[in-house]
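The values are calculated or read from the model by the stated rules, or taken from the named source; none is laboratory data. Everything numeric here is computed off the predicted structure, so don't read it as measured data. Cβ: placed from backbone, ideal geometry, glycine included. Neighbour counts: every protein chain shown.
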Amino acid sequence: MPRVKRGTKRNDRRKKILKRASGYFLTKSKLYQAAQEAVERGLKFAYSGRKQKKRQYRSLWIVRINAAAKINSISYSQLIHGLKTAGIELDRKMLADIAVNDATGFTALVEQAKAALGNSAAA
């Protein structure tokens, strides 16, 4: 069986890892083994970070909606329930954007939610 020399494949793989590790501190950006460990660790954090980003944005939107809802004298949960009852299907991202950029539009939505809550309480 012929001997396999891995020159270019090995160099390409090592170059790829070291390129990803550029900017890391001390040996983590220079030595292959340390760089490989650091890059793998970084990729783990990047994967979980992509999931956490979605959670953090949703909680930010909820905080913004709640603040705007309090200004219009309604709680967040009552607002969401009222909007669902009224058949208004806006997600939290859009509601937060409306709350920040269009106060009159958000007030109109709150009034519709309150009206829907009033109708469901009377029924």
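A few remarks follow.
- Looking only at the range 101-114, residues that are over 15 Å from Leu79 (Cβ atoms) and either in contact (Cβ under 8 Å) with a residue 24 or more places away in the chain or among the acidic types (Asp, Glu) (or both) come to 1 in all.
- Some residue of the range 50-57 being modelled with pLDDT of 95 or more, surrounded by 13 or more Cβ atoms within 10 Å (Cβ to Cβ) and more than 30 Å from Lys16 (Cα to Cα): yes
- Lone unmet requirement of (1) assigned to a helix (DSSP H, G or I); (2) in contact with a helix residue (DSSP H, G or I) (Cβ under 7 Å, 6 or more places away or on another chain) for Ser77: (2)
- When restricted to residues that are among the basic types (Lys, Arg) and in a helix (DSSP H, G or I), the range 24-39 contains 1.
- Candidates Lys5, Lys16, filtered to the one that is part of a helix (DSSP H, G or I) and either over 26 Å from the mean Cα position of the chain (by Cα) or among the aliphatic types (A, V, I, L, M) (or both): Lys16
- Test: residue in the range 85-94 that is under 30 Å from Glu111 (Cβ atoms), aliphatic (A, V, I, L, M) and either touching a residue at least 40 places away in the same chain (Cβ under 8 Å) or part of a helix (DSSP H, G or I) (or both): yes
- Flag if Ser59 is within 19 Å of Lys114 (Cα to Cα) and polar (S, T, N, Q): no
- Members of the range 31-41 that are under 16 Å from Asn11 (Cβ atoms) and either acidic (Asp, Glu) or over 29 Å from the mean Cα position of the chain (by Cα) (or both): Leu31, Tyr32, Gln33
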